[in-house]
Amino acid sequence: MSVLNGLTAALSAGVVEVVDLTTPLSGDTPILNLPQPLANTVGLSLTPVSNFDDAGPAWAWNDVTVGEHAGTHLDAPVHWITGRDGKSVDQIEPKRLVGPIVVIDKCAEAAQDPDFLLEPEHLEQWQLDHGQLPENCWVIFRTGWSARGGNSADFVNADENGPHTPGVSPAGAKWIAGNDRISGFGVETVGVDAGQAATMDPMFPVHSFLLGADKYGLTSLRNVDRLPVTGATIVVAPLPIVGGTGSPSRVFALVEGS
Ligand code: MN
């Protein structure tokens, strides 16, 4: 049997499952909210074109308005000043968007400390426990944060000092950006950086280091509790917006049952 026939047979038999890692996209989906005087993007809205009426008696369709960086979305290199000469979302090679998933689980730490930061030693310890990272992998930072996704205030978790959500330290981001086996980094939170990343040096280190190194970000992931630490495959499907800095994306994981 060919590899792909084997895969489709396994999908059909339920031996391989398709897990949807995407947050449903609606006007209620939590989006980033930057403080004044910075500008903000918009969430999703639908404007009906017709709805089985005089404007279209047998069909319904809508116009969509949505920010590139709303809901589960991909950050392309041109999103950040460090990657401004790099790829826009339409220029990302498809083969970089399909690859092995490795999960770094810090749910316990994030439950104790919402400002928990991933450091190089956590990534090095992962390799001691599970072996070298596979080629073209996507590192998924599992924090349990998506459990808050039904409530925007809980999800953003802000006080007078800004949002408090887990993320990556500048040293951790530099480590990820410097690893040529990594294609992307995915999180459960609203952005790929920590809630307090505006105060770091450099500010927003995941954006700064990864997008400057032709690696891609992925946010607002759900169902990552259903992923094994190794062995799953990610399929990331952003819209090929020409010149786009990112795109809402459908993200699937292929997970092999035991
Ligand atoms: Mn983004």
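Any read-out appearing in this document is the output of simple, stated calculations on the displayed coordinates, not a laboratory observation. What you see is a predicted model; the values in this text were computed from it and never measured. Because the Cβ atoms are built from the backbone with ideal geometry, glycine has one as well, and the counts that use them run over all protein chains shown.
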task: Over all directions, average the projected area of the Cα convex hull of the chain and note it in nm².
output: 16.6
- request: Please identify which residues in segment 1-36 have an amide N closer than 11 Å to a label point set 7 Å out from the Cα of VAL235, following the Cα→Cβ vector.
  value: 8, 11, 17-20
Straight-distance crosslink candidates among lysines, where the alpha carbon sits under 25 Å from LYS106 and sequence neighbours closer than 8 are dropped: LYS174, LYS215
field: Extension gain, GLU109 back to ALA171 (0.36 nm per residue minus Cα-Cα distance, nm)
entry: 20.5 nm
Theoretical FRET efficiency, 1/(1+(r/R0)^6), r = Cβ-Cβ of ASP225 and ASP28, R0 25 Å, to 0.05: 0.70
query: Which order, highest average first, do 101-107, 121-127 follow once you tally other Cβ atoms within 10 Å for each residue and take the mean per peptide?
result: 101-107, 121-127
field: Dimensionless Rg ratio for segment 50-120, taking C-alpha atoms and the 2.2 N^0.38 Å reference
entry: 1.83
message: Quick check: residue separation of ASN151 and ALA55 times 0.36 nm, minus the Cα distance between them. What number comes out in nm?
response: 30.9 nm
message: How high is the relative contact order of the chain? Use alpha-carbon pairs under 8 Å, at least six apart in sequence, and give a whole percent.
response: 29
field: Residues of type aspartates and glutamates that LYS87 reaches as a straight line, Cα spacing below 14 Å, ignoring anything fewer than 8 places off in the same chain
entry: ASP75, ASP214
- line: For segment 138-187, averaging the sequence separation of alpha carbon pairs under 8 Å that lie six or more residues apart and dividing by its residue count, the contact order in percent is 57
query: Normalised by the residues of segment 14-166, what does the relative contact order come to in percent, with Cα pairs under 8 Å and at least six apart?
result: 18
statement: The extension gain from HIS130 to VAL18, computed as 0.36 nm times the residue separation minus the Cα-Cα distance, is 38.0 nm
Overall form of segment 109-247 per C-alpha gyration tensor (a/c, 1.5; a/b vs b/c): rounded
field: Amide proton proximity set for GLN196, modelled H, under 5 Å, gap of 5+
entry: THR165
